[in-house]
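Some notes on the structure that comes next.
The values are calculated or read from the model by the stated rules, or taken from the named source; none is laboratory data. Note that the structure is a prediction, hence the values are computed from the model and not measured. Every residue, glycine among them, receives a Cβ derived from its backbone with ideal geometry; neighbour counts consider all protein chains shown. Please note that ligands, DNA and RNA were not included when accessible areas were found on the heavy atoms of the full protein model with its side chains. Shrake-Rupley method; radii C 1.70, N 1.55, O 1.52, S 1.80 Å.
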Amino acid sequence: MAYPCALRGSFAAAVALLLCAAPAQAEREAGVVASTLEDRFSPALLSPLEVINPPPLYLERREILPFLEERRTLMRKLRDAGDHKPAQARALTDLAEFYFAHGLASEGLSVLGGVQGPGLPLAHELRASAFELALGLIDPLDRPLSERARSLLEPGHGEWADQPLFLVLNHVREGRCEETGALLDAAVTRLARFSKPVQERVLPGLLECAIETRQWRLARDLAAAFEAYPSLKRGSAYHFLLGRVAEAGDAPLAAFDSYVQAQGESDLWAHRARRALVDLGLEHDALAPEEAVELLAQEAEMWRGGEDGARTLRDLASLQLIAEDAASAVETYGRIIVRHPESPEALEARQKARVLIDELYRKGASREISLGRYMANHERIAPFFRFNADFAEAAELLADTFLKAGATTMAAREYATIHDYLTAGQDLGISEPGEGHLERLKVKEAEALAAGGQWETLGALLAQPLAPADAALRERYDMVSARYLEQAGRVSELFGANGDAAPEQVLRLRAQARFDEGDWPEAVAAYGRLHDRLGDEMPLPDSIRYLLAAHRSDDMAQTADIARAFPALTELPAWEDILRSLTQAAPDLLPLREETARARIDGATEMLETLPGSEQLN
C-alpha cells in the first residue's frame, strides 16, 4: 500500500503518517528524525539533577547486570541486614528497584510491603513510596495504588523530578490522555533515564496520548523509539496506533490496513483494532448496522474483561437498537449487568433495560407481536432479570396474556416460576416483593390450573392453605378452592399418604411448611427426602431452600455438600450475592466460589437451559 508523502517501507510509512497529520509542522521539521529515545535527548538533559525529597529514582541510566547474578547479590544483602530496620529497608527497596528495572511489578510490590511501620527512617519511607508508585503504574493487573504511592502525585510534590512522568503514566492508566498535554514532553524526557523494560512497557500509552493531544513531533519521536524494541515494532499496539494516526490524517485506507495488521493478536490493542475496524466501517458506510452487530457480538465474547468489555457490550446494545432488535438489546444489557455489575455501564444498562422490557411486554400483551415471538423474547431475557421485582411484574403480564389466550399450563408454570424466584430472592435478601404480590401469584396459578383442568396439581397447591389479606383476592381463592373440592372431594385426602411413600407434591409441601415455620433441622430432613425422590431433577427453588435450611441449622458440612450437589446454583446471575449470604460462617464453600462460580457467571446466557428441571421453572 502507498502511504502519503511518498515515503515507503514500514518505518518510513510510520513517519509519513505522523508528519502528514500536521503538514505545516512537517515542513519545518522534516530533517529531524530520532531513532531511539537516547538519540532524542542531549547528554546535558541526562546530567544529575539536584536531589529533592523524595529523591529522583535515577540520576543516571541504571546499569543492567545479569538477572540471576544481581538478584543473588541483593538477596545476600537482605540476609546480611538481619533485623536492623534501616539496613533491611534499604535492602528491600534495592530489591524492589531491581524488579522495577526488569518490569516485574508484582514481585516488586510484594517486596515493598515489608518497608513500612514505626521506626522506619523518612528517607527509606520516601524512596520505598516512590518505587511503590513506579511499580504500581506499570502493574499489568492495574491494582489500585497504595495511599502512600498516590500521595506523591499531589501538588505538594510538584518539584519532584519524577512527578511529571508518573502523573502522565497515571493519566494513561486511567484513560485520561487529554490531561497529559502540558506534561507529556517532560515525561518523555524523564523516561530516557529509566530501563529498557520500563520504556518498552509504557511507550505505547505515551504514543497514544501524543496522538490524541496532536503533539506530532513528539509522536514521531516516540514512534521512532519503537525501532529499538522488536516486540513492540511487530506488535499490535504499534499498528493500532499507526491506524489512529492515519485516521487523524484523513487516510481511512491506510488506517484500515494498519488495523487489519493489529487485529490478529489476543491483547487489548488487538481488541481495540477490531473495534476500530467496525467503527471505521460504519463511519464510511462500508458496514450495515446488522453486519456491525454480528461483528461486535463476536468481539463481546472474545474480549469480556474490564471497561473495554463493558463498553463493547454497551455499543453492541446501541447498534441492536438501531437495527430495531430491542429483545437482543435487553439481552445484551443483561450481560453487562452480570459481567460488569459495578460499572457505570451496568447502571445505565439497568435503566435502559427496564424501559425496553416494559415496552416489549406491553407490545406482547396488546398482541402487537405474536405470542410465539413474545415467548421467545421472554425466554432470552428472563435468565438475567429473574430476581428483579420490576421484571416480575412484566413476566406476570406475560402469564396473564397467555392465560387469556387459553395457554393455561404455560401461564400456571410462569406464575409459579415468578413466585419461586421472588420467594428465593426475599429469603436471600436480594429482592423484596410488593405487598400481597406472592399471594396474588399463588391465586393466579391456582386459577390457571383450574381453567386447564389440572385438578391433581391444583390439589397439591391448595394443600398448603393461603390466607390473602386482600378481600377480593381472598374471594378468588375461595372460589377456586370450591371448584377443586367439587371436582376432587375432600382436600384432607391429599395428606393421607405417610412417610417417604407420599406423592412428590406432598413431600414438597411438607418440606416447605417446615421451612416456613423455621424448623430448620426438620426442613433439611424433609428436603432430603424430596431430593432422594427426585435426584438431579430437583427444581431450583427447592434446592435453594434445601441449601438455606442446612445453612440456618448451622450444619456447614452439609451446606457445602448440598452446594456441590447442585452446580446449577452457581450459574445464577445473582450467585455472588447468594454466596456472600451463605459463606460468612461457611469457609468450606470458598473454593467453590473461586474455582466454579466466577467461571459459570460468564455462562449465564444459557443458565435456564442447563438447570435441572428447567422445563418446570420457565
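Things to note:
- Put simply, of T417, T423, T401, T409 the only residue that is of a type in the set (V, I, T), within 21 Å of D470 (Cβ to Cβ) and part of a helix (DSSP H, G or I) is T423.
- Restricting attention to the range 276-292, the residues that are open to solvent by 30 Å² or more (accessible area, probe 1.4 Å) and within 19 Å of R314 (Cα to Cα) total 9.
- The residue list E393, E447 contains one member that is in the same structural domain as R474 (by the TED database), without any contact (Cβ under 8 Å) to a residue 24 or more places away in the chain, in a helix (DSSP H, G or I) and surrounded by fewer than 22 Cβ atoms within 10 Å (Cβ to Cβ), which is E393.
- The single condition from (1) in contact (Cβ under 8 Å) with a residue 40 or more places away in the chain; (2) open to solvent by 20 Å² or more (accessible area, probe 1.4 Å) that T417 fails is (2).
- For the range 520-529, the condition of being over 17 Å from T559 (Cβ atoms), touching a residue at least 12 places away in the same chain (Cβ under 8 Å), assigned to a helix (DSSP H, G or I) and in contact with a Leu (Cβ under 6 Å, 6 or more places away or on another chain) holds for at least one residue.
- For the range 447-476, filtering for residues that are of a type outside the set (A, V, I, L, M) and under 45 Å from the mean Cα position of the chain (by Cα) leaves 8.
- Check on T570, modelled with pLDDT of 65 or more and within 30 Å of R350 (Cβ to Cβ): yes
- Residue under evaluation V115, criteria (1) surrounded by fewer than 22 Cβ atoms within 10 Å (Cβ to Cβ); (2) over 30 Å from the mean Cα position of the chain (by Cα); (3) free of Cβ contacts under 8 Å to residues at least 40 places away in the same chain, criterion not met: (1)
- Check on S328, at pLDDT below 95, open to solvent by less than 40 Å² (accessible area, probe 1.4 Å) and over 13 Å from F385 (Cβ atoms): no
- Residue count for the range 360-390 under the criterion of being in contact with a His (Cβ under 9 Å, 6 or more places away or on another chain) and closer than 15 Å to Y421 by Cβ: the result is 1.
- Qualifying positions in the range 366-381 - assigned to a helix (DSSP H, G or I) and open to solvent by 40 Å² or more (accessible area, probe 1.4 Å): L371, G372, R373, A376, E379, R380
- Of all residues in the range 431-438, at least one satisfies being assigned to a helix (DSSP H, G or I), free of Cβ contacts under 8 Å to residues at least 60 places away in the same chain and not polar (S, T, N, Q).
- Look at (1) closer than 25 Å to D325 by Cβ; (2) outside any loop (DSSP other than H, G, I, E, B); (3) open to solvent by 50 Å² or more (accessible area, probe 1.4 Å) and you find that F384 fails only one, number (3).
- Lone unmet requirement of (1) in a helix (DSSP H, G or I); (2) closer than 30 Å to E159 by Cα; (3) of a type in the set (A, V, I, L, M, F, W, C) for V245: (2)
- Every listed requirement among (1) more than 22 Å from L135 (Cβ to Cβ); (2) assigned to a helix (DSSP H, G or I) is met by H171 save one, (1).
- Once the range 331-347 is narrowed to residues that are out of contact with any helix residue (DSSP H, G or I) (no Cβ under 6 Å at 6 or more places or on another chain) and open to solvent by less than 60 Å² (accessible area, probe 1.4 Å), the residue that is farthest from A300 (Cα to Cα) is P341.
- From the list A149, A182, A186, A128, the one residue that fits, being in contact with a Pro (Cβ under 6 Å, 6 or more places away or on another chain), over 23 Å from D267 (Cβ atoms) and part of a helix (DSSP H, G or I), is A186.
- Qualifying residues in the range 292-325 (those that are modelled with pLDDT of 95 or more and among the basic types (K, R)) - the one farthest from R275 (Cα to Cα): R314
- Selection count, the range 124-162, where residues are touching a residue at least 40 places away in the same chain (Cβ under 8 Å), more than 22 Å from H102 (Cα to Cα) and either open to solvent by 50 Å² or more (accessible area, probe 1.4 Å) or not aromatic (F, W, Y) (or both): 3
- Output for the range 295-314, where each listed residue is surrounded by 15 or more Cβ atoms within 10 Å (Cβ to Cβ) and either without any contact (Cβ under 8 Å) to a residue 40 or more places away in the chain or not charged (D, E, K, R) (or both): L295, L296, A297, E299, A300, W303, G309, A310, R311, T312, L313, R314
- Verdict on L232 being touching an Asp or Glu at 6+ places or on another chain (Cβ under 9 Å) and of a type outside the set (V, I, T): yes
- Which listed residue, of L169, L203, L165, L184, is buried (at least 23 other Cβ atoms within 10 Å of the Cβ), at pLDDT 95 or above and touching a Lys or Arg at 6+ places or on another chain (Cβ under 7 Å): L165
- Taking the range 163-186 as the range and being within 30 Å of the chain's Cα centre (by Cα) and polar (S, T, N, Q) as the test, the residues that pass are N170, T180.
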